[in-house]
Amino acid sequence: MRIYEESRGKYRTTRKSAGCDFCDKEVIRDQQVKQLEGEYWRVFACKYPYMDGNLMIMPKRHIKDVDKFTSAEWEEFGEVLIKTKHLLGHLFKTKSFNVMLQIGPNSGGSIRHLHWMIIPRPKKKNLSGWNIYNNFYFVTLSYKELLKKIDNHYKTKKS
Ligand SMILES: [Zn+2]
């Protein structure tokens, strides 16, 4: 088993520009999960995952707080969240998830463009509080491998 030791801190210091990564066309092309996308929402494979299967749901508009969404965006968010949850549940064989959102400059998020983290929690990796508080995670799947896994899923589904 390969173990990734990705440093999320590195992400903060190696970013290319002061602009928003999630509005950057190159980043979008590199990380997006087209099959889950809606009219108002994108889904990305997280480049520096907290755990295997870490996806992110974010608005296409550059929005920093939840009170800026239209009711059409909220409605579609529900659909995209459910689709994303179903896919991850299928791929990682679980009914358990973490859905996380950080709002505002003191919340700890590294990118202000609002994004929900969606993380599947299979039983064997159901870490205890001790693990979480000590930043002790094993990530075995890179974001590219996750994107490939998702692509394969949709390819085999169609045939
Ligand atoms: Zn943005």
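The values are calculated or read from the model by the stated rules, or taken from the named source; none is laboratory data. Everything numeric here is computed off the predicted structure, so don't read it as measured data. So basically every Cβ, Gly included, is an ideal-geometry build from the backbone, and we count neighbours across all protein chains shown.
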task: Look at L55 and say whether it is of a type in the set (A, V, I, L, M, F, W, C), touching a Leu at 6+ places or on another chain (Cβ under 9 Å) and at pLDDT 95 or above.
output: yes
- prompt: Mind checking which residues of region 44-64 are away from the ligand (no atom under 13 Å from the Cβ) and assigned to a loop (DSSP other than H, G, I, E, B)?
  reply: C46, K47, Y48, P49, Y50, M51, D52, G53, N54
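Answer with yes or no whether N126 is on the phi > 0 side of the Ramachandran plot and modelled with pLDDT under 90. Give the steps one after another, and end with the answer.
Numbers: on the phi > 0 side of the Ramachandran plot: no; modelled with pLDDT under 90: yes.
In short, no.
Here is a check on your reading of the model: is R12 away from the ligand (no atom under 13 Å from the Cβ), at pLDDT below 95, farther than 18 Å from F138 by Cβ and part of a helix (DSSP H, G or I)?
yes
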query: Does L81 fit the bill of being at pLDDT 95 or above, hydrophobic (A, V, I, L, M, F, W, C) and over 12 Å from G53 (Cβ atoms)?
result: yes
- line: The number of residues in region 15-43 that are exposed (fewer than 13 other Cβ atoms within 10 Å of the Cβ), part of a loop (DSSP other than H, G, I, E, B) and either modelled with pLDDT under 95 or not acidic (D, E) (or both) is 4
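Is it true that K93 is in contact with a helix residue (DSSP H, G or I) (Cβ under 7 Å, 6 or more places away or on another chain) and charged (D, E, K, R)?
no
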query: Which one is farthest from the chain's Cα centre (by Cα), of the residues in region 46-73 that are hydrophobic (A, V, I, L, M, F, W, C) and over 20 Å from R112 (Cβ atoms)?
result: A72
- prompt: Out of region 54-78, which residues are surrounded by 12 or more Cβ atoms within 10 Å (Cβ to Cβ), out of contact with any Pro (no Cβ under 9 Å at 6 or more places or on another chain) and among the acidic types (D, E)?
  reply: E75, E76
